[in-house]
Structures are given as structure tokens and as C-alpha cells.
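Visitor: Sharing a structure here in C-alpha cells format.
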Amino acid sequence: MGRQIDGRFLVKWADAIAGTVQGDEGNLDRWMGLLDTMNRIRKIRPARSFGLDGRYSLEDKAGFFLSLLKESMGEALPEKADIFLVPLLEGNLWDAIPSLEKEILERFDLDAGRVVVEVHSPAVLPAEVRTKIEEALLHFVNEGPGRELAVSVPAGKRLSVKPVWKVRPELLAGLEIRIGSRVWDASLSARLRELERQLLKTA
């Protein structure tokens with residue numbers, strides 16, 4: 001098992017990586033690819049054991065994992081990958097990778113004025129329907145009540161939307177929209193639950 005990470009250190013670690021991203025979505029994708037690869041490697045016991053083996057120096061360990069990443073990721077490997085690898089190996093922080101990924105993504109979205117929206121539907125939505133939903137969401141977060149969800153963005157700045165499409169057959173029909181902890185449920189299953197609640201109330 002890896003060590004628990006101190007929240008302040010996590011923020012500094014994410015800051016160091018975010019400094020190399022600099023609002024570039026291509027850089028962000030490369031870092032997410034690196035973190036995803038290392039998150040998969042962390043589940044391989046021999047790799048984690050090597051990271052802890054006291055017979056090898058930190059430099060040797062970092063060099064080994066860097067070579068492994070270059071081989072598996074090629075050109076997609078971000079520059080300055082050592083600012084991730086050295087603290088990871090020095091502090092045995094493998095279990096902190098998902099938290100670090102979340103912190104970096106949240107920081108990028110905040111800096112870019114991007115709102116991540118989960119759109120749940122009972123089936124895969126056709127491309128033209130997705131386009132219409134994206135347009136409606138853009139209006140919602142810029143001119144509608146969704147603007148309050150991005151309070152840290154300057155008043156004149158236009159927000160962008162990053163939809164995350166998820167299929168949930170139990171919704172039956174309609175959509176469920178999630179922005180952060182807020183949920184707008186316009187699914188048929190929600191209407192049926194409400195109808196059942198009303199019927200039980202009057203029974």
C-alpha cells in the first residue's frame with residue numbers, strides 16, 4: 001500500500017504539473033495519458049515492489065520508469081515527467097495518483113473557464129442530438145442559472161462546456177444532467193418516482 005498524501009503537498013504537486021500544462025489541452029491530454037498509464041502500473045505488484053526496493057537509488061528507479069513510459073507512450077509522453085515520477089517514487093505515493101489526476105483536471109477547467117457536464121441518457125445519443133444538447137448547455141452556463149456554478153470565473157468571460165456522455169438504461173427516457181454536485185433530472189424514471197410518491201401521499 002502507498003502512503004496517505006498530505007493535502008497541501010497534493011496541491012503543490014498538482015501546481016508543478018499544471019505549470020507545464022499552461023492551458024494547452026494537448027499538454028493536458030499527454031499528462032492524463034501519463035497518469036492513466038502509471039495508474040495501471042500501480043496495480044502491478046512487481047512494479048510497485050521495485051519502486052520500494054532499497055537496493056536501487058531514486059535516480060535508477062526514476063530512470064527505469066521513464067524508459068518504460070517512453071517505450072509505451074512515445075511522443076505522447078509529456079515533457080518534465082520527472083516532476084511527477086520523483087515525488088511518486090520518493091514518497092511511495094502510488095495511491096495518490098487518482099487524487100492528483102482529479103486536482104489537475106479541476107485546475108485546468110477552472111483556469112480555462114470550462115464547465116464539465118455529465119449527460120446521462122438511456123441510450124447512446126445521435127451526433128445531431130448531442131450537438132443540440134451542447135448548444136443548450138452553453139446557453140445554460142453562460143446566460144442561464146448554470147452561470148452560478150462557475151463563480152470564480154470573471155464576469156465577462158464566456159464559459160465553455162465539456163460534456164461527458166454516459167449511458168444509463170434505467171433512466172428509460174429523457175436525460176439527467178449533472179454539473180458538480182447539482183443534478184437536473186428530466187428522465188422518465190424520475191417522473192415515475194414522483195408519480196409514485198404522489199400516489200402514496202394521497203393513498
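Visitor: Pull out all pairs, ordered by first then second residue, where Cβ-Cβ is under 7 Å, the residues are six or more apart or on different chains, the first lies in the range 30-58 and is more than 18 Å from Ser99 (Cβ to Cβ), and the second is at pLDDT below 90 and outside any loop (DSSP other than H, G, I, E, B).
Guide: Within 7 Å, the pairs are Ala47/Ile41.
Visitor: Another question, if that's okay. Filter the range 15-43 down to the residues that are among the small types (Gly, Ala, Ser) and more than 13 Å from the chain's Cα centre (by Cα), then identify the one that is modelled with the highest pLDDT.
Guide: Ala16
Visitor: Could you tell me whether any residue of the range 40-55 is within 30 Å of Ser160 (Cβ to Cβ), out of contact with any Leu (no Cβ under 6 Å at 6 or more places or on another chain) and among the β-branched types (Val, Ile, Thr)?
Guide: Within the range 40-55, not a single residue is within 30 Å of Ser160 (Cβ to Cβ), out of contact with any Leu (no Cβ under 6 Å at 6 or more places or on another chain) and among the β-branched types (Val, Ile, Thr).
Yes/no matrix, rows are residues, columns are (1) assigned by TED's automatic domain parsing to the domain that holds Asp36; (2) modelled with pLDDT of 85 or more:
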{"site": "Pro98", "(1), (2)": "yes, yes"}
{"site": "Glu101", "(1), (2)": "yes, yes"}
{"site": "Val117", "(1), (2)": "no, yes"}
{"site": "Ser121", "(1), (2)": "no, yes"}
{"site": "Glu134", "(1), (2)": "no, yes"}
{"site": "Leu149", "(1), (2)": "no, no"}
{"site": "Val153", "(1), (2)": "no, no"}
{"site": "Val167", "(1), (2)": "no, yes"}
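Visitor: Count, please, the residues in the range 93-107 that happen to be surrounded by fewer than 16 Cβ atoms within 10 Å (Cβ to Cβ) and touching a residue at least 24 places away in the same chain (Cβ under 8 Å).
Guide: Final tally of qualifying residues: 3.
Visitor: Residue check: is Ser67 hydroxyl-bearing (Ser, Thr, Tyr), farther than 14 Å from Leu88 by Cα and at pLDDT 90 or above?
Guide: Yes; evaluated as a whole, the condition is true for this residue.
Visitor: When you look at Leu88, is it surrounded by 17 or more Cβ atoms within 10 Å (Cβ to Cβ), modelled with pLDDT under 90, in a helix (DSSP H, G or I) and aliphatic (A, V, I, L, M), yes or no?
Guide: no
Visitor: Can you go through Leu137, Leu125, Leu110 and tell me which one is part of a helix (DSSP H, G or I) and surrounded by 15 or more Cβ atoms within 10 Å (Cβ to Cβ)?
Guide: On inspection, the qualifying residue turns out to be Leu137.
Visitor: Here is a check on your reading of the model: is Ser67 touching a helix residue (DSSP H, G or I) at 6+ places or on another chain (Cβ under 8 Å), in a helix (DSSP H, G or I), surrounded by fewer than 19 Cβ atoms within 10 Å (Cβ to Cβ) and in the same structural domain as Lys12 (by TED's automatic domain parsing)?
Guide: Answer is no for this residue.
Visitor: Now for a different question. Considering only the range 13-33, I want to know if a residue exists there that is outside the structural domain of Lys162 (by TED's automatic domain parsing), over 29 Å from Val161 (Cβ atoms) and of a type in the set (Lys, Arg).
Guide: Going residue by residue through the range 13-33, those that are outside the structural domain of Lys162 (by TED's automatic domain parsing) are 13-33.
Narrowing the set further to residues that are over 29 Å from Val161 (Cβ atoms) leaves none.
Scanning the range 13-33, I find no residue that is outside the structural domain of Lys162 (by TED's automatic domain parsing), over 29 Å from Val161 (Cβ atoms) and of a type in the set (Lys, Arg), so the answer is no.
Visitor: Something else now. So, in the range 12-27, how many residues would count as being more than 17 Å from Lys70 (Cα to Cα) and surrounded by 15 or more Cβ atoms within 10 Å (Cβ to Cβ)? Even if it seems obvious, please write down each step before you answer.
Guide: Of the range 12-27, the ones more than 17 Å from Lys70 (Cα to Cα) are 12-26.
Retained after the next criterion (residues that are surrounded by 15 or more Cβ atoms within 10 Å (Cβ to Cβ)): 13-14, 17-18, 20-21.
Residues flagged as more than 17 Å from Lys70 (Cα to Cα) and surrounded by 15 or more Cβ atoms within 10 Å (Cβ to Cβ) within the range 12-27 amount to 6.
The values are calculated or read from the model by the stated rules, or taken from the named source; none is laboratory data. All figures in this text were calculated on a predicted structure; none of them were measured in a lab. Heads up, the Cβs are rebuilt from the backbone with ideal geometry, glycines too, and the neighbour counts pull from every protein chain shown.
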